[in-house]
1. Are any of the pairs 4/223; 22/97; 122/223; 18/92; 19/117 more than 27 Å apart by Cα-Cα distance, and if so, which?
2. Run the reach check for residue 273 against aspartates and glutamates, Cα to Cα strictly under 17 Å, same-chain hits fewer than 8 apart removed. What comes back?
3. Highest mean first, what order results for 164-170, 79-85, 181-187 on Cβ atoms within 10 Å?
4. Roughly how large, in nm² to one decimal, is the mean projection of the convex hull of the alpha-carbon atoms in region 118-273?
5. At 0.36 nm per residue, minus the direct Cα-Cα distance, what do residue 226 and residue 164 gain on full extension? Give it in nm, one decimal, please.
6. Order the peptides 219-228, 95-104, 250-259 from the highest to the lowest mean number of other Cβ atoms within 10 Å of their residues.
7. Using a cut-off of 9 Å between beta-carbons, work out the net charge of the residues near residue 66 (Lys and Arg +1, Asp and Glu -1, residue 66 not included).
8. Which loop-located GluC sites (Glu not before Pro) does region 127-159 contain, where loop means any DSSP state but H, G, I, E or B and the Cβ has at most 15 other Cβ atoms within 10 Å?
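FYI, it's all coordinate maths here, none of it is from the lab. Remember, predicted model here, so these are calculated numbers, not experimental data. Note: ideal-geometry Cβ built from the backbone for every residue, glycine included; neighbour counts use all protein chains shown.
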Amino acid sequence: MMIKKRTPDDNCLLCLNKKATKTNSHIASKFLGKSILGKNGPRQGYVLDSSKPHLKPRKMQDSPKENYILCPECENYFEHLETYVSRHLSNKLLNEKHSNSFEYGINQGGVEYAICKELDIKILRLFIISLFWRCSISRVEPFSVFSIEEEELLREILQFSNYSDIKSIEQNNGHHSLLKFPIILMRPVGDHDNSGNFFYANNGNGNLYQLVLNEFIFFVSPKVDSYIPNFEFLNNIGDSHVIIALLRNETWANLRDGLVDLATKKSIENARKMGVKPYNLK
Ligand SMILES: [Zn+2]
């Protein structure tokens, strides 16, 4: 089926009523895109796209953008969420100067974590939901085949808090489902190798979705009252402080390799369906 190309006459996919005149909307958010490309190493990441299993993963100089999906007001709303989260996370987490903003710990199973004491959980969740929703509606690689069954629920949650300033977003209680499903965040600690950074979105098993955006891995299961087993206190359900898992280099590398394996399997599967020879990712 041919997908109709979007134009500035189409309606915004978020508010559904203004014209989607905005060009170059970032799908994966600017600040995540920056860190994904590495601070010192080669300024490039990789796109893993299992819908094009026969092609070598494309090197990526910039994070994926798309035209005519949002109106300027909704783009502005996403920018507010991003600025807030970026200000609280990108330079402060794991930075000694800001140790008062976080409480660091390690659980009995040896999982290190940070409790974000100053980060509003509603705004963080709206931001992460906006990432998953953008990846779900996006038609650019590597997100063209990624879609979330609960895309409309995510849109309703986002639209419910769609205000033009961060104060109003903060003061609004949010949609009744905003705090009711698991969202897991992970990032590496220590000097990990930036050169293996990549963007990857996976329609997981059942209602579990994963997003790898440079230095962050997110899991979401947008079914109300669901729970991601094995992650226990990292599920971030309810209105208590946000908890981020901090992974040591080896764990991080293993998780990343596991996701590359998953992408490889998906690619081989798709290649078989398409009748093409899969590109060898390793
Ligand atoms: Zn809009």
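1. On the way: 4/223 30 Å; 22/97 38 Å; 122/223 17 Å; 18/92 36 Å; 19/117 38 Å.
Pairs exceeding 27 Å: 4/223; 22/97; 18/92; 19/117.
2. 49
3. Numbers: 164-170: 13.0, 79-85: 18.7, 181-187: 21.3.
My ranking of the peptides, most packed first, is 181-187, 79-85, 164-170.
4. Working: hull surface 41.0 nm².
One quarter of the hull surface, i.e. the mean projection, equals 10.3 nm².
5. On the way: separation 62, 0.36 × 62 = 22.32 nm, distance 3.10 nm.
Extra length available between residue 226 and residue 164 comes to 19.2 nm.
6. Values: 219-228: 17.9, 95-104: 12.3, 250-259: 14.9.
The densest-packed peptide leads the list: 219-228, 250-259, 95-104.
7. Working: positive: 6, 65, 134, 139; negative: none.
So the environment of residue 66 carries a net charge of +4.
8. On the way: sites: 149, 150, 151, 152, 156; in loops: 149, 150.
For GluC sites (Glu not before Pro) across region 127-159 that sit outside H, G, I, E and B with at most 15 neighbouring Cβ atoms in 10 Å, the list reads 149.
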